[in-house]
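What follows draws every value from the coordinates through simple rules; no lab data is involved. Every value quoted in this text rests on a predicted model; they were computed, and no experiment measured them. As a convention, Cβ positions derive from the backbone with ideal geometry for all residues, glycine included, and neighbour counts pool all protein chains shown.
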Amino acid sequence: MVSQAPAFWWRRSDWRAFGLWPVSLLYGRIAGNRMAKAMRPCVPVPVFCVGNFTVGGAGKTPTAVAIARAARARGLTPGFLSRGYGGRLKATTLVDPARHGADAVGDEPLLLAREAMTVISRRRVDGAERLAAEGCDFIIMDDGFQSARLMLDFALVVIDARRGIGNGHLVPAGPLRAPLSEQMRQMSALLKVGEGEAADPVVRRAARAGKPVRLASLVARPDPAIAGARVLAFAGIADPSKFYRTVAAIGGEVAVERSFPDHHPFTDDEILGLLGQAERERLLPVTTAKDAVRLAGRGGPAERLLSLVRIVEVEMVFDDPHAPALMIEEAIAHCRRRLVEQAREQAQ
């Protein structure tokens, strides 16, 4: 799977998209067939997947955190399941922020582990079984919607209102991870994040297919140190422009923007460059929580940058505050039904 989305994916189709179309056709057949026909292993607890249609960020991690908080409010013990993208560990691992760094387990699992028990696993079923063994009774899978490696009880697909599905082509001609028709068939609900019109055609298609459409916004925590300050904003995420808009929305004057690839492991030279520019131009460095965890525990220039940087924390806020609880109930009900059916089949 491609991890960094080329810029042309998010614009109107051009010669690059059309030139890659034959490869996309083959990719789409393989990905669609896998989603449609793969035998998904089951675990005896509800599995709630937070995914997206495309390569690149749409707000999955903040959504997963919001679902975990709603599950905890219901009295459940949620746990996060992640592949651990960007980390070097291949074995199924219970994430411990006190001893694991982003280089070992990935940046997103470290963020999730601040909220609830988190396991990384290249084999989703192994990770889910580990969470259940550790006492989790509600599993939230961060990404993996298209992988077909675990039975899902609820699949919430997140779409960014400004970016939508880009040019609408499949990888590598565009950002779609699998044919939209198959993804739409298997999703339980759609979550449109933010304001914008790019996602509206998909929203209308979901509504026609009878899929619930939820609305939410990423809301940044106010920071008096940023409000009114001239800042150097840097981010290594899928859509850095979203972060720069967020900084401006909480009152920061973005004097310099420094964008890096998603999950980027900052080098010492890059960090020294950020420090030097901030000092020369008297700017306040600001970044995302996801970028900050990749700097933590490294010492040297990274530690110095962390001592100066302001971290912009965001949370996913649903327009309907009851929506997370309702989706959690649907996941639990689906799990109960499949367990009854499984028991019936075994008894025959």
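A few remarks follow.
- Diffusion coefficient, µm² s⁻¹, Stokes-Einstein with Kirkwood Rh over alpha-carbon pairs of region 28-138 at 20 °C and 1.002 mPa s: 145
- Expected 222 nm ellipticity per residue - DSSP helices of 4 or more, -39500 (n - 2.57), all of the chain, to 500: -12000 deg cm²/dmol
- When each full DSSP H helix of the chain is screened for a Cα extent of at least 24 Å along its own axis and an average Kyte-Doolittle hydropathy of at least 1.0, none passes.
- log10 of Debye I(q)/I(0), alpha-carbon scatterers only, for region 108-197 at 0.15 Å⁻¹: -0.72
- At 1.567 mPa s and 4 °C, Stokes D of the chain from Kirkwood alpha-carbon radius, µm² per second: 62
- From least to most packed, judged by other beta carbons within 10 angstrom and beginning with the fewest, Glu134, Glu270, Glu195 follow the order Glu195, Glu134, Glu270.
- Antiparallel %, DSSP beta bridges [both residues in the chain], to 5: 15
- Pro78 sits among other residues whose Cβ lies under 12 Å from its own Cβ, and their net charge, with Lys and Arg +1 and Asp and Glu -1, is -1.
- Spin-label zone in region 243-276 - amide nitrogen under 20 Å from a point set 7 Å from the Cα of Ala225 along the C-beta vector: 243-258, 271-276
- Summed side-chain charge close to Pro201 - residues other than Pro201 whose Cβ falls under 12 Å, Lys, Arg +1, Asp, Glu -1: +2
- Rg over Rh, two decimals, region 222-312 (C-alpha only, Kirkwood Rh): 0.92
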